[in-house]
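Here the structure comes first, spelled out in structure tokens, and everything after it is commentary.
Please treat every number below as a calculation from the coordinates, not as lab data. Remember, predicted model here, so these are calculated numbers, not experimental data. Virtual Cβ from ideal backbone geometry, glycine too; neighbours counted across all protein chains shown.
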Amino acid sequence: MNELGFQEKVGQFLNRYGKVKKLKEDKIDNSSRILPYIVENEDQKFAVFAYHWKKSIGTNTIIRTEHQISDMDCDGAIIIGNRFSQNSYDMVSDTNKRRTTRIILIKMNEMEEILSIRAS
């Protein structure tokens, strides 16, 4: 899937969960391949970072995300990517246990499965 197709799928996926707003380039660091989104409903506001990388998303990306969500006044973050390192899963698990902000990791194939289930 090319980057534009990926970005479109992310938008479709997020629209199912609330109001979606794409942030402007001056609001983020240059490490994101696709501009981050904010998805919110009456109860929650999440920053969404979608990475169109073939490589595994590691702990540095998780740490950077933690810093960004604290600056964005969000309840948590959703990170969408091709795959995640085991250390990333472990770090997110520990973070979610000790903080009120939440981080959710979603693989691209999981996102596509959810879209296909909801479409049928």
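Only bridges whose two residues both fall in the chain count here: according to DSSP, what percent of them are antiparallel, nearest 5?
40
Dividing the alpha-carbon radius of gyration of region 68-118 by 2.2 N^0.38 Å (N being the number of residues), what value is obtained?
Normalised Cα radius of gyration, region 68-118: 1.27.
Please say if region 30-120 is rounded, prolate or oblate, where rounded means a/c under 1.5 for a ≥ b ≥ c the square roots of the C-alpha gyration tensor eigenvalues, and otherwise the choice is prolate for a/b larger than b/c and oblate otherwise?
rounded
Show the residues, 5+ positions off or on another chain, whose built amide H is closer than 5 Å to the amide H of I104.
For I104, the qualifying residues are A77, I78, I79.
Let's see if you can work this out: charge +1 on each Lys and Arg Cβ, -1 on each Asp and Glu Cβ, no other charges. What is the dipole magnitude of the chain about its Cα centre, in debye to the nearest 20?
Taking the Cα centre of the chain as origin, the dipole is about 180 debye.
When the helix-only estimate is applied to the chain (DSSP H runs of n ≥ 4, each -39,500 (n - 2.57), divided by the residue count), what is the mean residue ellipticity at 222 nm, nearest 500 deg cm²/dmol?
Dividing the helical sum by the residues of the chain leaves -13500 deg cm²/dmol.
If you average the sequence gap of Cα pairs under 8 Å that are 6 or more apart and divide by the length of the chain, what percent do you get for the contact order?
Relative contact order for the chain comes out at 21 percent.
Select from A50, C74, V39 the residue farthest towards the positive end of the dipole of the chain; place +1 on Cβ of Lys and Arg, -1 on Cβ of Asp and Glu, and compute about the Cα centre.
Final value for the positive-end residue is A50.
What's the ranking of 48-57, 13-22 by average number of surrounding C-beta atoms within 10 Å, highest first?
Most protected by this proxy first, the peptides run 48-57, 13-22.
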